[in-house]
Structure formats: structure tokens, C-alpha cells
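Asker: Have a look at this one before I ask anything.
The values are calculated or read from the model by the stated rules, or taken from the named source; none is laboratory data. The structure presented is a predicted model; accordingly, all values stated were derived computationally and were not measured. Here the Cβ positions follow ideal geometry from the backbone for every residue, glycine too, while neighbour counts run over all protein chains shown.
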Amino acid sequence: MSTKTIGIIGGGQLGRMLAMAAARLSYKTLILEPQADCPAAQVANGQIVAAYDDPTALAELAARSDVVTYEFENVPVHAAETIARSVPVYPPPKALEAAQDRLVEKRFLNDCGIKTADFRAVDSQKDLELALGEFGGKGVLKTRRLGYDGKGQRVYRGSQDNTDGGFAALGSVPLILESFVSFAREISVIAARGIDGTIACYDPAENVHRDGILHTSTLPAAISAETATAAIEAASKLLDGLGYVGVVGMEFFVLPDGSLVANEIAPRVHNSGHWTEAACVISQFEQHIRAVAGLPLGDPIRHSDCVMTNLIGDDILQLDTWLARPQTLVHLYGKAEARPGRKMGHVTELVQSN
């Protein structure tokens, strides 16, 4: 086998796990990341230490890679487009455009026939007040770009909340107001599409968040077969609509009647899919490498029920307890310093099904 190189933009824990999966399939990996001691560099074959949009670095990444992918959705679109002129970039830059702006994302999902919460563009304080008036004073105000893990958000719970300065409080940047959704639970689907258009979807996970950050993902989710099928069908529509190649994470609210409202998409491997490395033969990370490298997709079947728990900040102090648990996979990210809200690793505990 001739050894090929997969370029990865981003050097965090997702890039790290992609590099590990690539090595198992005899691919080399080259990381583009400005932080020299990043988690991915510890396991990759090389690193270009430079900004994600540095022209010289992008040219070097393209020259040294056979295909390029990315581990986070805030890669500059023009950087992905620049590389795509020389080597394939998967997922395609179009996916970045759809995911980087929440307003564009919601409109794209609706165009695919996928239901979302009601929403309004907010470009001024007046826009905010008008939109809240339409939503009965309730809603979640979010930055259209760059917000994640609960950052860049402000919640309005009714007319008693003071709206003064709400637009300025989030930086006077383009915002979106989303209506509240009365949901029973949150789920996500990890899905993949190959270069040939083949689609493979993992079982939906039921997710619990704390302070806007994913805490646990549980399999199976407490949903009906019909709801699970609807989630997988929606993910498939999204993949085909984008001409996607690679793994995507798609989050949903499940309403009390079992129907779904799409929350957001992530054009990359996803935190709520980490369970796949313990409960499936083919993890989401290997699936992504297979997809972008043009290999056949693996069977996404789950062989075990499980619960994945994020280790965030001081949760890492419980490491010895997790290491002592039977049927538990521990995965640490190589980060030297624990800080509040920082993802230090995750654990996946296999559980006996009834």
C-alpha cells in the first residue's frame, strides 16, 4: 500500500482522534494548527504551526496532503476554498458555509424540508424588540457565528426580562432569535456519506447538557422507532442536500408527541458520537477517515448499549474512579491544564441491555 497523507485543519481533541483513526488505516496525518503543543500534534505525523488562513501554510498543507479535512466548523471558508483548488477538501466548503451562520443553517434545513424552531434575524436593538414581541417575550438570542458550548447566547423567558441593551450585550454583531421549543428530550444522529453517495447512520443518542456543554450521551435513546427513523431520514436529506462527504453531527429536539425539530448541525465528527469508539466496531472517527479517503463506509451497527460522559474541567480528578469501573473505556485528550468548561476527555461505559 502506498502511504497517503490526510491534512487536518485544527489540532484539538477531534483532530487527535481523527489522526489516531487514520493511523490504524495506514494513513499519515498533517495538522494545521497555530498552537504548537496541541492535542492532535501528539499523535500526528507532522504539524504546520500557523494560522488557519495563512496563505503560505495553506499552500504547504495542500502540497503535502492527498486530501484535506477539518475538525471544527469555524475554519475560514475562503481557506477551505483555496485548498480545494489544489486537492479535495471534505466535507465540501459548502458545508462550512451552511454551518457557520445560524441563520443560513436554519434556512438551509427548512429548504431541505427539515423543521426547525421559528427564528428571526436580529441586526439591531429594534429588530430584537420586534422579534421578541412576535415570540411573546420569549426566545434564545444567539450570535449567528462562532458561538458554541452555550457561549454567545442570551435567554429571554418572558416580558419581565429587560431587553434593553440585549443587542449590544452580544457584541452588536448579526444575531438570531430562536423561539422556545417545549421538548421532551434532546437527541443527535451521527451520519456519514461517502464519495460515492453511500450513507451510513448511527443510532440516535439521547443527550443531556449542563451549562450549555454536553454532559452525557446515552444509547439507546428513549424514543420510538418512528422517531429514530425520522431523525435518520432528516440526516440523510441533509447529507444529500450538501453533496456531503464525511461525518456530520445533527442535533434534534424531540417533542412530547415524538416529532422532531432540528436544532443545529456540525460538519465534522461530533462530541455526541464519541460513544461509537466503545460500542461500535467502526467509530465515527474511522468512518470519517474512510469517507474522505474514498474507502467503503463501515457498518454503523451498535453492539452494546452505553453511556458516554464528558470529563470537563475538574471532572478529570475522578479519573481513578473511572479507571476502576468495569466495561469502561477512558479516553483523555492530552491537555495538561484543567480549566472550567474545558473538555479534558470522555469515558464510555458499556451497560447490559435488558
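Asker: Is there a residue being farther than 28 Å from residue 330 by Cβ and either modelled with pLDDT of 95 or more or among the polar types (S, T, N, Q) (or both) anywhere in the stretch 199-210?
Answerer: yes
Asker: State whether one or more residues within the stretch 157-164 are assigned to a helix (DSSP H, G or I) and over 23 Å from residue 96 (Cβ atoms).
Answerer: No, there is no match, as no residue in the stretch 157-164 is assigned to a helix (DSSP H, G or I) and over 23 Å from residue 96 (Cβ atoms).
Asker: Still on this structure, please answer the following. Being at pLDDT below 95 and outside any loop (DSSP other than H, G, I, E, B): is that true of residue 61 here?
Answerer: It is false that residue 61 is at pLDDT below 95 and outside any loop (DSSP other than H, G, I, E, B).
Asker: Moving to a separate point now. Mind telling me which of the residues 103, 130, 170 ends up being under 18 Å from the mean Cα position of the chain (by Cα) and not assigned by TED's automatic domain parsing to the domain that holds residue 237?
Answerer: 103
Asker: From the set of residues in the stretch 187-205 that are over 15 Å from residue 281 (Cβ atoms) and in a strand (DSSP E or B), which is farthest from the chain's Cα centre (by Cα)?
Answerer: 199
Asker: What residue, of 272, 217, is within 23 Å of residue 345 (Cα to Cα), small (Gly, Ala, Ser) and either without any contact (Cβ under 8 Å) to a residue 24 or more places away in the chain or not in a helix (DSSP H, G or I) (or both)?
Answerer: 217
Asker: Where residues in the stretch 13-36 are touching a residue at least 40 places away in the same chain (Cβ under 8 Å) and not in a helix (DSSP H, G or I), which of them is farthest from residue 71 (Cα to Cα)?
Answerer: 25
Asker: Taking residue 53 as meeting all but one of (1) assigned to a loop (DSSP other than H, G, I, E, B); (2) within 30 Å of residue 135 (Cβ to Cβ), write down the number of the exception.
Answerer: Every listed condition holds for residue 53 apart from (2).
Asker: Right, another one. Considering the stretch 78-125 alone, what residues qualify as being of a type in the set (Gly, Ala, Ser) and surrounded by fewer than 17 Cβ atoms within 10 Å (Cβ to Cβ)?
Answerer: Of everything in the stretch 78-125, those that are of a type in the set (Gly, Ala, Ser) and surrounded by fewer than 17 Cβ atoms within 10 Å (Cβ to Cβ) turn out to be 84, 86, 113, 121, 124.
Asker: Could I ask something else about it? Might you let me know whether the stretch 256-265 holds any residue that is surrounded by fewer than 22 Cβ atoms within 10 Å (Cβ to Cβ), closer than 30 Å to residue 340 by Cα and touching a Ser or Thr at 6+ places or on another chain (Cβ under 7 Å)?
Answerer: No, there is no match, as no residue in the stretch 256-265 is surrounded by fewer than 22 Cβ atoms within 10 Å (Cβ to Cβ), closer than 30 Å to residue 340 by Cα and touching a Ser or Thr at 6+ places or on another chain (Cβ under 7 Å).
Asker: Test of understanding: among 260, 317, 255, which residue is aliphatic (A, V, I, L, M) and in contact with a helix residue (DSSP H, G or I) (Cβ under 9 Å, 6 or more places away or on another chain)?
Answerer: Only one candidate passes the filter, namely 260.
Asker: Can you tell me which residue in the stretch 266-301 is nearest to residue 23 (Cα to Cα), limited to those that are among the β-branched types (Val, Ile, Thr) and surrounded by 24 or more Cβ atoms within 10 Å (Cβ to Cβ)?
Answerer: The residue in question is 289.
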